[in-house]
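Reading through the structure tokens given below for one structure.
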Amino acid sequence: MDILPYGREALVVNFEQRIDPAINARVHALNEALSRAALPGVRFAIPAFCSLTIGFDPRQLSFSDLAASLHNWADQLEATHTTASRTWRVPVCFSEEFAWDKTEVLSYTGVANWQTLVDQLTAIPLRVYMLGFLPGFPYLGALPPSLACPRKAKPRARVAVQSVSIAGQQAGIYPSTSPGGWQIVGRTPLPLFLGKMEQPFLFAAGDEVRFFAVKRAVYEDIASRFVRKNISWNDFLVSGSKHH
């Protein structure tokens, strides 16, 4: 683990630079230790795949003191680096009107047909490595090399909200309508952001996501029930703490 200055008022903690669930779990365990310590002068912490960026006020907390604390916590976390997580079952409609890049994805992967690809994608437990790009956008991984796809050469000006996508060996879900360059393979009826919730984002880093395929009629039913507020995120929670 390396700790480097990131300007005068921040530092970055670098773990081994590869996408790995054990490394990512250590990032989040260290972030949790920092949060529990509530050190005066810490302004923010941003966990990523294999790094943790921390902003601090040098008038209250020196780089050397913060780095010493981080090294101490990291040593204690070496043997117990896994973090508690929630497991979600996320419905996805993979029908053609939502799978905008079906043809390209089949071409890139060489999978024989769309149903086989859907079966493979829904069989894989995916870890939420981090949230980013858009508020609440989950970076999910890792997909096997057989399902990997490059980003689009020309990003779209508009990707529909809740679109499920692939880029490289990662999957993602767009929490809002936005430009985007990932390959679109389906859409979930679950909103990823609910502003009135105590925790407004559906996912958190460290969660596990398992997709399951639904027909268009089921997709529409779930979406309408969210609008009517007679279904909630917790109905799709398999294990872990509920949203409130």
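Taken together, the values in this text are just the output of simple stated rules run on the coordinates, not laboratory data. Keep in mind the model is a prediction, meaning the values are calculated, not measured. Here the Cβ positions follow ideal geometry from the backbone for every residue, glycine too, while neighbour counts run over all protein chains shown.
If you keep only loop residues by DSSP, which trypsin sites (Lys or Arg not before Pro) in the range 1-61 have at most 13 other Cβ atoms within 10 Å of their Cβ? Walk me through the numbers before you get to the answer.
Values: sites: Arg8, Arg18, Arg26, Arg36, Arg43, Arg59; in loops: Arg8, Arg18, Arg59.
Counting only loop positions with at most 13 other Cβ atoms within 10 Å, the trypsin sites (Lys or Arg not before Pro) in the range 1-61 are Arg8, Arg18, Arg59.
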- Describe numerically, in nm with one decimal, the distance between label points set 7 Å from Cα along Cα→Cβ at Ala153 and at Val238. 3.9 nm
- State, to one decimal in nm, how far the label point of Ala160 lies from the label point of Gln199, with both points 7 Å from Cα in the Cβ direction. 2.9 nm
- Please work out whether the range 200-244 counts as rounded, prolate or oblate from its C-alpha gyration tensor, where a ≥ b ≥ c are the square roots of the eigenvalues and a/c under 1.5 means rounded, while otherwise a/b larger than b/c means prolate and anything else oblate? oblate
- Item | Cα pair distances exceeding 31 angstrom across the chain, given as percent | 30 percent
- With Cβ to Cβ distances under 11 Å as the rule, what net charge do the other residues near Ala160 carry (K, R +1; D, E -1)? +2
- Hey, rough spin-label estimate for Asp2 and Arg18, points 7 angstrom out along Cα→Cβ, what's it come to in nanometres? 1.7 nm
- Which entries in Lys196/Lys229; Lys152/Lys215; Lys215/Lys242 show an alpha-carbon gap greater than 20 Å? Lys152/Lys215; Lys215/Lys242
